[in-house]
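Engineer: Before we start, here is the structure in question, set down as structure tokens.
The values are calculated or read from the model by the stated rules, or taken from the named source; none is laboratory data. This structure is a prediction, so every number in the text was calculated from the model and none was measured. Using ideal geometry, Cβ is built from the backbone for each residue, glycine included, and neighbour counts are taken over all protein chains shown.
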């Protein structure tokens with residue numbers, strides 16, 4: 001005989017549903033246990049690379065380590081090694097927010113510091129500028145005072161001093177030229193001997209001019225001279241024969257005047273020098289007998305020869321023939337005073 005419940009079509013439905021839910025619950029617990037097992041931090045004995053991997057496969061150590069490096073710097077506690085992923089993420093957010101706040105504060109402080117520094121430097125520059133303005137005013141006042149004094153001095157005696165200095169600057173001693181156009185100043189052809197008329201003309205006229213110039217400058221406080229230059233010039237006619245100045249001249253220069261008569265010129269250059277030396281001998285005799293001997297003999301005498309190298313004219317376009325002429329103007333002596341010593 002059949003059980004009455006067998007005839008009921010819903011009699012086996014609820015037990016089947018209960019079994020299904022029990023089975024699903026068991027599976028869910030198993031899955032949850034597996035997830036918890038996977039996400040739980042490993043023990044110290046486990047390999048370090050097996051630490052929790054969060055969603056997306058990120059290694060939490062690579063996140064926690066730099067966070068823990070930064071957190072003490074900004075005043076936060078490090079994230080514990082056993083912290084779960086949510087705690088790590090929360091700590092990361094907290095770290096970023098704190099770091100951002102500190103950066104903003106530092107920027108504000110830096111701007112304030114820069115502004116204060118600029119204001120201080122500006123104040124220093126303004127103070128320095130004020131000092132410079134004051135110094136400039138003092139200098140302008142001194143310049144004005146000195147200018148007034150200078151103008152007063154110029155009004156009193158300054159212009160006189162200027163004129164005196166101009167006179168000294170332009171006070172050039174004369175150049176005395178003696179040429180053979182004056183009959184009394186003629187040398188024998190090819191000779192350096194000075195005749196009586198020539199000697200008298202030098203002593204009474206030319207040397208007196210030189211002596212007066214030297215003495216006046218000394219006594220009047222004018223620009224002094226210390227050297228008398230005597231230059232002998234010749235024309236372009238060649239000399240015959242050979243000279244002996246190289247062997248004889250040293251004795252004359254050493255003071256043996258007796259050797260002068262034996263000197264022979266071998267060229268126009270030699271002849272020009274001998275004529276200058278002859279005039280020097282006359283000058284030495286003149287100064288030795290002068291009453292202002294000490295002043296005149298303080299002058300150094302230098303003798304030079306120009307030969308036929310300097311023409312008596314100012315001709316610029318010269319030719320060879322100009323230096324070969326028998327020209328009386330070219331046979332001349334120049335005497336000039338100058339200052340060569342300090």
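Engineer: Could you check, for region 189-207, whether at least one of its residues is in contact with a strand residue (DSSP E or B) (Cβ under 6 Å, 6 or more places away or on another chain) and within 20 Å of residue 341 (Cβ to Cβ)?
Structural biologist: no
Engineer: Report yes if some residue within region 312-320 is exposed (fewer than 13 other Cβ atoms within 10 Å of the Cβ), in contact (Cβ under 8 Å) with a residue 24 or more places away in the chain and either out of contact with any helix residue (DSSP H, G or I) (no Cβ under 6 Å at 6 or more places or on another chain) or closer than 21 Å to residue 210 by Cβ (or both); otherwise report no.
Structural biologist: Checked region 312-320: no residue is exposed (fewer than 13 other Cβ atoms within 10 Å of the Cβ), in contact (Cβ under 8 Å) with a residue 24 or more places away in the chain and either out of contact with any helix residue (DSSP H, G or I) (no Cβ under 6 Å at 6 or more places or on another chain) or closer than 21 Å to residue 210 by Cβ (or both).
Engineer: Quick one: residue 333 ticks every box in (1) modelled with pLDDT of 85 or more; (2) exposed (fewer than 14 other Cβ atoms within 10 Å of the Cβ); (3) touching a helix residue (DSSP H, G or I) at 6+ places or on another chain (Cβ under 9 Å) except a single one, so which number is it?
Structural biologist: (2)
Engineer: Determine which member of the set 222, 251 is touching a helix residue (DSSP H, G or I) at 6+ places or on another chain (Cβ under 9 Å), in a loop (DSSP other than H, G, I, E, B) and either at negative phi or at pLDDT 90 or above (or both).
Structural biologist: Selected residue: 222, the only one of 222, 251 that is touching a helix residue (DSSP H, G or I) at 6+ places or on another chain (Cβ under 9 Å), in a loop (DSSP other than H, G, I, E, B) and either at negative phi or at pLDDT 90 or above (or both).
Engineer: I'd like to check something: does region 191-204 contain any residue that is under 47 Å from the mean Cα position of the chain (by Cα), assigned to a helix (DSSP H, G or I) and modelled with pLDDT of 90 or more?
Structural biologist: So far as region 191-204 goes, no, none of its residues is under 47 Å from the mean Cα position of the chain (by Cα), assigned to a helix (DSSP H, G or I) and modelled with pLDDT of 90 or more.
Engineer: Of 92, 110, 106, which residue is in a helix (DSSP H, G or I), closer than 30 Å to residue 65 by Cβ and in contact (Cβ under 8 Å) with a residue 12 or more places away in the chain?
Structural biologist: None of the others qualify; the one that does is 92.
Engineer: Scanning for something surrounded by 15 or more Cβ atoms within 10 Å (Cβ to Cβ), in contact (Cβ under 8 Å) with a residue 12 or more places away in the chain and within 53 Å of the chain's Cα centre (by Cα), does region 286-293 turn up at least one residue?
Structural biologist: Looking for residues that are surrounded by 15 or more Cβ atoms within 10 Å (Cβ to Cβ), in contact (Cβ under 8 Å) with a residue 12 or more places away in the chain and within 53 Å of the chain's Cα centre (by Cα), one finds none in region 286-293, hence no.
Engineer: Taking the condition of being in contact with a strand residue (DSSP E or B) (Cβ under 6 Å, 6 or more places away or on another chain) and outside any strand (DSSP E or B), how many residues in region 288-309 meet it?
Structural biologist: Qualifying residue count for the region: 1.
Engineer: Among (1) in contact with a helix residue (DSSP H, G or I) (Cβ under 9 Å, 6 or more places away or on another chain); (2) under 20 Å from residue 265 (Cβ atoms); (3) part of a loop (DSSP other than H, G, I, E, B), where does residue 326 come up short?
Structural biologist: Among (1) in contact with a helix residue (DSSP H, G or I) (Cβ under 9 Å, 6 or more places away or on another chain); (2) under 20 Å from residue 265 (Cβ atoms); (3) part of a loop (DSSP other than H, G, I, E, B), residue 326 violates only (1).
Engineer: Just checking, does region 68-78 include any residue being outside any loop (DSSP other than H, G, I, E, B) and at pLDDT 80 or above?
Structural biologist: Among the residues of region 68-78, at least one is outside any loop (DSSP other than H, G, I, E, B) and at pLDDT 80 or above, which makes the answer yes.
Engineer: Which residue pairs have Cβ atoms under 6 Å apart, sit 6 or more places apart or on different chains, and have a first residue in region 217-244 that is within 15 Å of residue 340 (Cβ to Cβ) and a second that is at pLDDT below 90 and assigned to a helix (DSSP H, G or I)?
Structural biologist: 223/168; 224/217
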